[in-house]
Structure formats: C-alpha cells, structure tokens
1. I need the shape label for chain A. Rule: rounded when a/c is under 1.5, else prolate if a/b > b/c, else oblate, with a, b, c from the alpha carbon gyration tensor.
2. Can you compute the charge dipole magnitude of the stretch A:1-147 about its Cα centre, using +1 on each Lys and Arg Cβ and -1 on each Asp and Glu Cβ, nothing else charged? Give it in debye, rounded to the nearest 20.
3. Across every pair of different alpha-carbon atoms, what Kirkwood hydrodynamic radius in Å does the stretch B:85-206 reach?
4. Could you work out the mean count of beta carbons from other protein chains within 10 Å of each residue's beta carbon in A:118-124?
5. Over the protein assembly as shown, one equal point on each Cα, no solvent: what is log10 I(q)/I(0) by the Debye formula at q = 0.05, 0.09, 0.13 Å⁻¹?
6. Could you give the Stokes-Einstein D for the stretch B:288-339 in µm² per second, using the C-alpha Kirkwood radius, 20 °C, 1.002 mPa s?
7. Averaging over all projection directions, find the projected area of the Cα convex hull of the stretch A:51-106 and quote it in nm² with one decimal place.
8. How many Cβ atoms of partner chains, on average, are near each residue of B:199-208 if near means within 10 Å of its Cβ?
Amino acid sequence: MPNHMEAEVLLVEDTPEDAELMIRALRKGGFANRLHHVEDGAAALDFLFARGAYADRDVSDLPKVLLLDLKLPKVDGLEVLRELRADGRTRSLPVVMITSSREDRDLQEAYRIGANSYVVKPVDFQQFVDAMTSVGMFWLLVNQVPDRAAR
Amino acid sequence: VNEREGRQRLRFLLDALAEAIYTVDADGRCTFCNTACLDLLGFDRMEQVVGRSMHELMHQGRADATAEAACPICRSHRCDERVHVDDATLWRADGSSFAAECWAHPLTWHGPTVIAAVVTFLDVTRRREAEEESLRLNLELEARVCDRTAQLESANRELEAFSYSVSHDLRAPLRAIDGFAEILAADHSQQLGDEGLRVLGVIRRNVGKMGHLIDGLLQFSRLGRKDIHAELVDMGALASSVLEELVTQETERHIETRVGDLPPVAGDPVLLHQVWMNLLGNAVKYSGRRRDAVVQVDASESGGEVVYTVRDNGVGFDMTYVDKVFGVFQRLHKESEFPGTGLGLALVQRIVARHHGRVWAESVVDEGAAFHFALPGIRSEVD
C-alpha cells in the first residue's frame, strides 16, 4: 500500500474489479508506485481537502493527476469535479475522467465544468492497458504543473 | 284565365321548393310565403303570416332582439342590398328557435326605389350540429395527439436512460471478464496449458464480439435521437475517400474500384460517411472470395431525387430474404464465412430514413449485390 501522504495518482473508482485492472494497467507502465485508491467521491474530496480520515494530510500536497470515474456512489464524478473547480486550492489540479460512458452529454458536461481529459475505458484489456499507459505517460511524465508555491 | 293559371303554376312551383321563401313590402311586412316557410316557422296557413312584420315574427323578434335597423336581413328592403347571413337564428311560432342560412334580395322592378324584398332561408340545424361535432372531434383528436406525443416523449426518455445504462453497466462487467481472462493468460499460463489458453482465447473473442454489439446497438439507438446537421456534401469525394481507405486495408487482395459522377446532396456529413462506410465495407467484404473483385459506385437523378448505387460482384444473397437485409441483427451469412454484427445495413436504413430517403437492394447469389439509396435532390430542396 503506497503511502497516501505522497500520492502522485489519486484513483477514484468504486468497482473493485475495474480498480484492480486499472492499477494493474498503470503498474505495467510503472505509474502505480505512488497511487492511492478511494472508492467514492466523498472520500476523494476528503483526501484532496485533507478532511475526515485524511485530516493529517497537507492540502497543498496535491497528486499530479486525479483519475476520476464518472459514476460513483455518494458524490458522483461530475459533482467531485465541480467542487474541485470551485475551490482555489484545487482549481488547477489535472483531472482525467475515466469512464465506461460514451454518452455525448456526459463528455460535454465534463469538459464544460473543467475536466482536463476524458477517457472511455475500452472493453478490450490490451486497449485498456494502452489507454492507461498513455494517460500515465502524459500526466506523470510529460505534463508540467505549476510549482506548489505558485498554485 | 291565362294570368290566373300562370299565378297558380308559380304558386305550385314555390310550394314545391324545400327552401323557404317569403316576400316583404317596403315596411318589412309579409306579402307572400311558401309552404316550406310556413312549415319551418310552425304556422298552418299563409294568413297567419301575411301582413305581419317578418322581423318581429321570426327574426330575432324576442327578448334579446336586434333592432330592425340593425338587422342584416332587413337591409335588403331598407337599403336595397343583397344580403347573405349564414349564422342566423330564427324563431318558430311556438317560441323555439333554429339555426338558419338566409339570402335576401331587394326587388327593384318598378324603378330605382326598393318596394319589396324576397327572402329565402334554410334550416341548417343539422349542418351546424355536424360542424360542431367535427369541431369537437378535431379538438378531441388534437388532445389525443398531445397525449400520444407525451407518451412517445416519455418512451424516448426511457430509451435514452436504457441506452445510457447499457453503455455503462453492460460494458463494465465485460471489461472485467476480458481483463481477468488476460491476467489468467499472462500469470497462469503454465497451469492452464495449451487447451486452457485456447479456451481462454475463445472467451476473450466473444467478449470482444459482445463489446462490438453493445457499441453498435448504442450507435443505432443514438442515431434516432441525434439532430441532423445538414450541409452540402460532396458525395463523390466522400465515397472515393472511404473506398480508398477500405481498399488500402485489404493488402492481400486486388479490388478494382470504379466511382462514377456522384451529385452532391444536402445532408449530415458524419452520418453520410457512415452510410458509405457500411455499404462500401460490405461490398469489399462480400466480394472477398473473388480474385477479380469489382466495387462500383454510381448515381442517377430522377424525379427530384438522387439515387446512389453500390455494386459488387461478390457472393450476393438470396432475394427470398431481401426483406431481412436491413433488419437489426439480421444476417444472411454465417459468422464464420463473413464476420459482422448485423447492424451495418440497419444503420444505413436508419440514416437514410432520417434524411427523408429510402434504401433497397437486389442481388443474384454468387454474382453480386447492388444497394441503392435515394436522397432528396438539392434542386427539389430549393423549390
């Protein structure tokens, strides 16, 4: 279990099988070493805002990327995204929506409220691994985020 | 004698009419009325009517009376006007009323001044009732259409919710099956052995197939809801580029392609691309066994529409089943011979129908097939 104090990737995924596959896919590219997994939107918000079970975290210690499932129990993915964008501390946190839904309205809504990208999980596992590798590669290695002090 | 006989004959004729007729003098008093007039007004003899003011007697001469000066029928003897009133209410001797249509003609035989008028009228109660009934039925029909529309809209919303959950909920377990089968293959191949791996391969292939079916079904249902973004589409360029792309993928075959002169059309370029993709894709697929495969596209214009035709010299199909080719999940060939989901032509039909066009096909087994689709021509759009 990676230490959640220094997570690079926060994965929000309620289906355990999907989470396991996603972590496995990310691990193949070496992107799961500092990954923290939570199972619902409320836990994700607690983690990012250092509340509840995560009260000992530092709010400014944001992951490099948030992988956010669309359909989640309690607080759904779009709702999480909306709250993150409404708060100055998390406004620029890279958020990748990762979902089964190919519905246009979900995609449009996600971008409208400030998602950085939107990935539809392929049924085929190899394609799924490829998609996850690209996501990890881009957001963990290629993408530059502002200095913590500047955020 | 002759004149008396003439009067009698005239009287006989007037009494035989179904239409009521009466005449008035310059004061609006009755000078004559026929039998139909007596019957309609509920009198027995002409003497009961002659000499009396017709306005007072029958035309709104009741409590809510219109003044004679304002009565349109009286304008004929007062103002020398021809009058037609199709919604008059006339009163009978017993105080009951009926709907009537009246015509009044001023008579000016004896010079320019009006000395009398002749008025004819009909009881139009039944016609009025029929009109009211038809109005009522129309309103009822409209209300029913509203009801049905609301039902349809709610069915559509349900369908939307359904396809939404199909997209999310059915794909998720499939992904898990495929993913964990892959894990089994990758991490436990030693224990599985060759036969175990083969069986696992079958599972994964079928997962993939089901994934395609779900995607196709979703695409199909989404089409029904998608708005058509019509613009001028260069069908020649579109068909050529699709065909070229398809032929390039067939690296181990030679396919001869012929694209004729294809007129442009007004339509949604994304959807029309899909039509060409499916029709040309089929032509390439079903001509797969021919060494001299030919895929041909041409068009003709007639009766304000453009008919596009895709022809191949492939295996074709039995015309007995022509009704099935455009059905959802209908296939005329075995999966092992020619893979497919059975949705391609159903999609084509749906897209063309949404463009107010039509599709049809003909074929001879082992000689080839021709698929036609007709779309409204641009010139007819302008008209």
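Bear in mind these aren't lab numbers, they're just calculated from the coordinates by the rules spelled out. None of the values given here were measured: they were computed from a predicted structure. Methodologically, a virtual Cβ is constructed for each residue, glycine included, from the backbone with ideal geometry; neighbour enumeration extends over all protein chains shown.
1. Rounded is the answer for chain A, as its axis ratio a/c remains below 1.5.
2. Working: 17 positive and 25 negative charges, 69 e Å.
Approximately 340 debye in magnitude.
3. Numbers: mean 1/r = 0.0431 Å⁻¹.
Taking the inverse mean of 1/r over all distinct Cα pairs, the stretch B:85-206 comes out at 23.2 Å.
4. Values: counts 0, 0, 2, 5, 4, 17, 9.
Neighbouring Cβ atoms belonging to other protein chains average 5 per residue here.
5. -0.48, -0.83, -1.26
6. Once the numbers are plugged in, D ends up at 158 µm²/s.
7. Details: hull surface 18.4 nm².
That works out to 4.6 nm², a quarter of the Cα hull's surface.
8. Whole-number average of other-chain Cβ neighbours for B:199-208 is 1.
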